[in-house]
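A quick write-up on the structure given underneath.
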Amino acid sequence: MYIIALRLCAQLILEDYGPEDRMKMELANMCEYLLSIAMTYHWLKLPLIPSTKRHDGRLLAAISVTAPPPAPPAMATAATDRTAAPEPAPHVLVVPYPAQGHTIPLLDLATLLASRGGVRLTVVATPATAPLLAAHGDAIGELVLPFPSHPAFPAGVESAKGLSPALFGALIVAYAGLRAPLGDWALERSGGPDRVAAILSDFFCGWRQPLAAELGVSRIAFSPSAVYGTAVLHSLFRRMPQREDGDDESPIGFPDLPGAPAYPWRQLTLLYRTYRDGDEVSEGVRRNFLWNLEASSFVSNTFRRLEERYLAAPLADLGFRRVRAIGPLAPDAADAASGRGGETAVSAADLCAWLDGFADDDGSVVYISFGSMAVLQPPHAAALAAALERTGVPFVWAVGTAAPLPEGFEERVAAAAATAGRRRGKGRVVRGWAPQVAALRHRAVGWFVTHCGWNSVLEASATGVPMLAWPMTADQFVNTRLLVEEAGAAVPVSWGGIQAAPEAKEVTRVLEAAAGGQCAHVAARAKELAEEAAATVSDGGASRQELDELVRELRELGSEPKE
């Protein structure tokens with residue numbers, strides 16, 4: 001309000017008395033100067049007048065904003081030379097979903113957009129997710145809001161890390177509680193140069209669609225997943241197919257996708273399999289994904305050569321919306337050792353020094369990780385540990401913090417390291433988050449045992465490391481089918497998922513085949529995929545062109561309110 005008052009004051013002075021009155025011109029200049037100070041305070045949320053305004057039971061002091069202040073408006077230097085302030089760049093609100101596999105690629109995209117210039121970006125976070133923004137520099141601002149409470153979600157939890165899969169739907173619904181405070185924040189800026197011109201949000205934040213409609217701005221849905229996997233997910237909530245007679249092997253078809261694929265019921269995402277008609281959380285999850293079909297477009301962390309089949313024409317399961325493939329959003333070699341994914345249990349330098357011990361045997365090490373969210377079940381961990389000991393292949397196993405490894409396994413690995421001399425043992429167990437990209441880029445790593453979460457898929461594709469695919473849940477079965485049957489860059493370990501662990505002899509057979517050179521054609525295809533991934537993000541590449549077009553689209557939105 002004080003900003004509007006100062007602006008009107010300056011205009012009325014000049015309109016009533018004219019620019020020829022020197023005293024009134026100086027007064028108008030003073031108003032413009034005070035206006036520039038007020039705008040800076042307004043942007044940084046520093047109160048000019050103490051306020052006790054509350055929202056949702058919390059003082060507004062709980063809201064933290066860090067962003068470059070706008071440039072002060074130009075001052076008049078003469079009666080006939082009132083220079084207009086330059087038009088501010090469009091302001092884009094970026095809303096990640098609080099899960100590592102979702103937040104990291106969207107922050108990567110935001111950093112890329114900021115590096116192109118011509119747009120201003122503010123990223124929404126909660127206290128628990130805000131530290132991830134630190135690795136992305138000062139080019140993007142941040143808006144930290146308290147995590148909303150919800151009766152279906154445990155208090156004190158703010159992300160999907162370590163969360164039980166049974167609570168994933170509740171997290172989506174609870175996080176939607178940010179809609180009201182974020183709407184208030186955006187509406188406060190709706191009449192000025194810092195108005196939100198567009199919302200770029202994760203597709204798990206479909207509630208941003210009605211907010212965008214209220215603000216009269218465009219909403220672009222970001223998918224951290226494959227286009228194929230994203231279409232399968234939305235198809236389920238769009239068509240609501242059912243299994244026959246409660247059979248977990250009952251095939252569920254997707255008739256609107258190329259090739260009309262089908263999956264057994266047990267391989268569908270738990271978000272859909274646990275849907276209950278009329279349940280608040282279930283209905284909230286479904287509504288979330290249906291809202292995405294009203295977005296102006298999708299932006300996907302993928303690349304055309306990997307998913308040509310699903311990018312050739314608009315898909316009914318994505319509302320026939322345009323899909324921009326702008327990936328892979330994997331860091332380059334210079335950034336591979338950064339804290340992009342948060343604090344690691346071992347430094348990239350330390351892990352790479354250990355891998356250097358295999359410099360005379362390139363591609364001999366197997367890197368193993370099942371992602372930041374999955375907790376490997378004891379039968380699966382036991383089968384993998386037994387296979388590693390039987391084959392004797394060198395390995396790095398990033399097990400997370402809670403993986404139940406077989407009794408004595410870590411001690412045997414440590415004992416072998418203590419007596420193995422130069423190579424310091426053939427195995428290394430990392431408890432916690434590992435610098436995965438740095439490991440995959442090391443020439444000693446030749447295979448990657450992975451759950452086929454999409455971030456891991458793209459990181460392996462960008463580095464040319466073939467995958468031993470072991471999907472567990474969510475979109476991982478879809479990703480594995482894409483890699484094995486269409487891209488030819490992976491070998492399946494097991495299709496049993498969480499429910500059925502393979503026997504140790506079967507895992508042993510796959511490891512021996514990979515280490516023994518029997519899967520050389522898959523390794524060769526992985527190298528080709530890496531070349532295609534590098535080309536697509538280079539100047540003139542398909543993903544680079546899509547990114548540049550997205551930047552132009554955002555720039556054209558302008559910063560003036562729509563009529």
Margin query: Looking only at segment 195-228, how many residues end up being under 18 Å from Arg287 (Cα atoms) and assigned to a helix (DSSP H, G or I)?
Written below: 7
Next item on the list: For segment 237-335, please list each of the strands (runs of 3 or more DSSP E) lying entirely inside it that holds at least 1 residues being in contact (Cβ under 8 Å) with a residue 60 or more places away in the chain and surrounded by 21 or more Cβ atoms within 10 Å (Cβ to Cβ).
Entry: 297-300, 323-325
Checklist line | Residue that is surrounded by the fewest Cβ atoms within 10 Å (Cβ to Cβ) [pool: residues in segment 181-235 that are closer than 18 Å to Leu106 by Cβ and among the charged types (D, E, K, R)] | finding: Asp202
Next item on the list: Determine the pairs where a residue that is closer than 17 Å to Ala348 by Cα and free of Cβ contacts under 8 Å to residues at least 60 places away in the same chain, located within segment 358-372, has a partner that is open to solvent by less than 10 Å² (accessible area, probe 1.4 Å) and part of a loop (DSSP other than H, G, I, E, B) with Cβ atoms under 9 Å apart, the partner being 6 or more residues away or on another chain.
Entry: none
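Looking at Ala474, Ala526, can you tell me which residue is in contact with a Leu (Cβ under 8 Å, 6 or more places away or on another chain) and under 27 Å from Thr302 (Cβ atoms)? Before you say what the answer is, go through the steps one by one.
Working: Ala526 fails: in contact with a Leu (Cβ under 8 Å, 6 or more places away or on another chain).
On inspection, the qualifying residue turns out to be Ala474.
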Note to self: Consider segment 362-381. How many of its residues are closer than 26 Å to Ala533 by Cα and modelled with pLDDT of 80 or more?
What the structure shows: 10
Item checked: Considering residues of segment 363-415 that are of a type in the set (Val, Ile, Thr) and outside any helix (DSSP H, G or I) only, the residue most open to solvent (accessible area, probe 1.4 Å) -> Thr401
Margin query: Residue pairs, Cβ under 6 Å, 6 or more apart or interchain, first in segment 100-111 and within 12 Å of Pro131 (Cβ to Cβ), second part of a helix (DSSP H, G or I). List them.
Written below: Thr103/Leu132; Leu107/His136
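Each row is one residue, and each column tells you yes or no for (1) polar (S, T, N, Q); (2) not in a helix (DSSP H, G or I).
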| residue | (1), (2) |
| --- | --- |
| Ala128 | no, yes |
| Glu142 | no, yes |
| Pro148 | no, yes |
| Gly156 | no, yes |
| Ser159 | yes, yes |
| Ala166 | no, no |
Notebook entry, point to check: Within segment 129-156, how many residues turn out to be at pLDDT 90 or above and open to solvent by 60 Å² or more (accessible area, probe 1.4 Å)?
Noted result: 5
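Residues checked against (1) within 19 Å of the chain's Cα centre (by Cα); (2) at pLDDT 95 or above; (3) buried (at least 23 other Cβ atoms within 10 Å of the Cβ):
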{"residue": "Gly117", "(1), (2), (3)": "no, no, no"}
{"residue": "Glu158", "(1), (2), (3)": "yes, yes, no"}
{"residue": "Lys161", "(1), (2), (3)": "yes, no, no"}
{"residue": "Ala166", "(1), (2), (3)": "no, no, no"}
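The values are calculated or read from the model by the stated rules, or taken from the named source; none is laboratory data. Just so it is clear, the model here is predicted, and its values are computed rather than measured. All Cβ positions, glycine included, derive from the backbone under ideal geometry; neighbour counts span all protein chains shown. To get the accessible areas, we keep the full protein, side chains included, count just its heavy atoms, and leave off ligands, DNA and RNA. Shrake-Rupley method; radii C 1.70, N 1.55, O 1.52, S 1.80 Å.
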